[in-house]
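Undergrad: Handing you a structure now.
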Amino acid sequence: MLGRQERWQEDLFVPGPLSSFIPNDHILKRVDKVLDLSWLRDDVKDLYCDDNGRPGIDPEAAVRLMIAGYFQGIVHDRKLMREAQVNLAIRWFAGFALDEKLPHHSTLTRIRHRWGEERFKKVFLKTIQSCIDAGLVSGETVHFDATLIRADVSWEGLAVQHADKVVKENAANDGPQDEGPQFGRKKPKKISATDPDATMATSSAQRRLEPSYKQHGAVDDRCGVIVDVAVTTGETSEGTQLLEQIERVEANTGMQVKTVTADAGYAHGKNYQHLEEQDIDAIIPVKGENPRPAHIPARRFKYDAKTDIVKCPRGRILRRCTEVPAGVLYRAKVADCRRCPLQRRCMKTMARSAARTIVITPGHEALLRARRRRHKDDEKFRKAYARHQHKSEGMHGEAKTQHGLRRAVRRRLWNVAIQAYLTAAVINLKRLAAFLRIFLCFWRRWQAVSQQYLTVGRSIRPHPQNVAQTALPTHRARAA
């Protein structure tokens, strides 16, 4: 029989509470059980006047509105408030009744300006502590990775940096006449006049440079909980941030890191040396080498730390010359290179130099040990790095595809940092809500089995074999 639905529905009274119209498995309803923002009002109280000014929006309601938007990938305030007008789940989650007027979208903008990034960072840190209390964080193995965030600027807003400033920076980095980034030589670059904090960067040599920011994230191995997030300009090398990240992770979790995994962008000798000194296992593959180098590669030169010299393949000595930003420069004698039979192979790309030069970076010996380990068939290394790829890179993919982190919504570094903190907090709340759901489901199964034994007059404790047949996988297995 063909049914009919009357479209005219103008009911004045709605029976039942607002929560009854929201499905029990809705993400906001599950997150509401694990989200605690009762501390927020006292934390921001010093930013408001007690006896003057208009009444402001409740701090917890404002943060809940932002979090609800990030859960649905809505990162723009205008779009969020339009969605909240018709979305019962967002209204209920933020604490607004059906007939209650929602705040203006500019209110959220003013709140971000007034609070600053430190308050939102504290919201993120509270989610880490909640995950630790639930047992979702082990703190032993942490995966580090970085990703680019496209800045909110157009190509028309880019300009070439002023020549006088470039000349001044180059003069401050005067050194040897050799060229290359390891010698500190800088080239004119494009900057954004709209967002000065954004810098030109790219994630691949096949893609053009874009004005970007860079998010540095750390993910715990047990359940994929984000334990640290930091935002820098796009040109910042992720390898230089590793040591500071490890310190922040240990401060955020209160646990000592035992294993660190990262990609080849973190393969710096200084990092390997620091991790060895801290007795931390470094699962970091070294950077690949050109199979057909244009000249004899640096790995053919042997460095002697005791005498502080470098020997070339022919046994000639290269002595310390000067310090460069990448390390220490060692140079051979001109007479030795002139009489060497390997001169053409060794000096092929260094026609303007009369002698071969080698740069020894800090932690050179630790880097050599890491390279030897990488060439071995280390099963632990292979398995740990495989987990790194889907834990850390999967986290960045989730943040970009589901929560709007692919592009910065607002300008300036502190604004992008707030976006990163809220995104990380949302992902942690998802992990926590998923664990709570599994735990409650297991508890109901256990109660059902116990009730069955009570009805037949047996002990309240069921047989272990029956419990194993009815129990669900643990939260660790589901999260993995």
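Undergrad: Which one of these does Gly69 not meet: (1) crowded, with 16+ Cβ neighbours inside 10 Å; (2) touching a residue at least 24 places away in the same chain (Cβ under 8 Å)?
TA: Among (1) crowded, with 16+ Cβ neighbours inside 10 Å; (2) touching a residue at least 24 places away in the same chain (Cβ under 8 Å), the lone unmet condition for Gly69 is (2).
Undergrad: Give the residue that is farthest from the chain's Cα centre (by Cα), with candidates limited to residues of the stretch 31-55 that are within 23 Å of Leu102 (Cβ to Cβ) and touching a residue at least 40 places away in the same chain (Cβ under 8 Å).
TA: Result: Leu47.
Undergrad: Quickly run through the stretch 1-40 and pick out the residues that are modelled with pLDDT of 85 or more and either charged (D, E, K, R) or over 30 Å from Leu436 (Cα atoms) (or both).
TA: Asp25, Lys29, Arg30, Asp32, Lys33, Asp36
Undergrad: Quick one: in the stretch 204-234, which of the residues that are charged (D, E, K, R) and outside any strand (DSSP E or B) is surrounded by the fewest Cβ atoms within 10 Å (Cβ to Cβ)?
TA: Within the stretch 204-234, the match that is surrounded by the fewest Cβ atoms within 10 Å (Cβ to Cβ) is Arg208.
Undergrad: Which members of the stretch 315-336 meet the condition of being closer than 26 Å to Gly269 by Cβ, without any contact (Cβ under 8 Å) to a residue 60 or more places away in the chain and surrounded by 16 or more Cβ atoms within 10 Å (Cβ to Cβ)?
TA: Scanning the stretch 315-336 gives Arg316, Leu318, Val328, Tyr330, Arg331, Ala332.
Undergrad: Further, regarding this structure: From the list Ala384, Ala366, Ala370, which one is within 20 Å of Glu276 (Cα to Cα) and touching an Asp or Glu at 6+ places or on another chain (Cβ under 7 Å)?
TA: Result: Ala366 is the single residue among Ala384, Ala366, Ala370 that is within 20 Å of Glu276 (Cα to Cα) and touching an Asp or Glu at 6+ places or on another chain (Cβ under 7 Å).
Undergrad: Next question. Take Asn52 and tell me if it is under 28 Å from Gln402 (Cβ atoms) and either at pLDDT 90 or above or of a type outside the set (Asp, Glu) (or both).
TA: no
Undergrad: With Arg431, Arg410 as the choices, which residue is at pLDDT 90 or above and under 23 Å from Thr233 (Cα atoms)?
TA: Among Arg431, Arg410, only Arg410 is at pLDDT 90 or above and under 23 Å from Thr233 (Cα atoms).
Undergrad: Which of the residues belonging to the stretch 110-124 are of a type outside the set (Lys, Arg) and touching a residue at least 12 places away in the same chain (Cβ under 8 Å)?
TA: Once the filter is applied, which keeps residues that are of a type outside the set (Lys, Arg) and touching a residue at least 12 places away in the same chain (Cβ under 8 Å), the stretch 110-124 yields Ile111, Trp115, Gly116, Glu117, Phe120, Val123, Phe124.
The values are calculated or read from the model by the stated rules, or taken from the named source; none is laboratory data. Note that this is a predicted model, so its numbers are computed, not measured. FYI the Cβ positions are ideal-geometry reconstructions off the backbone, even for glycines, and counts take in every protein chain you see.
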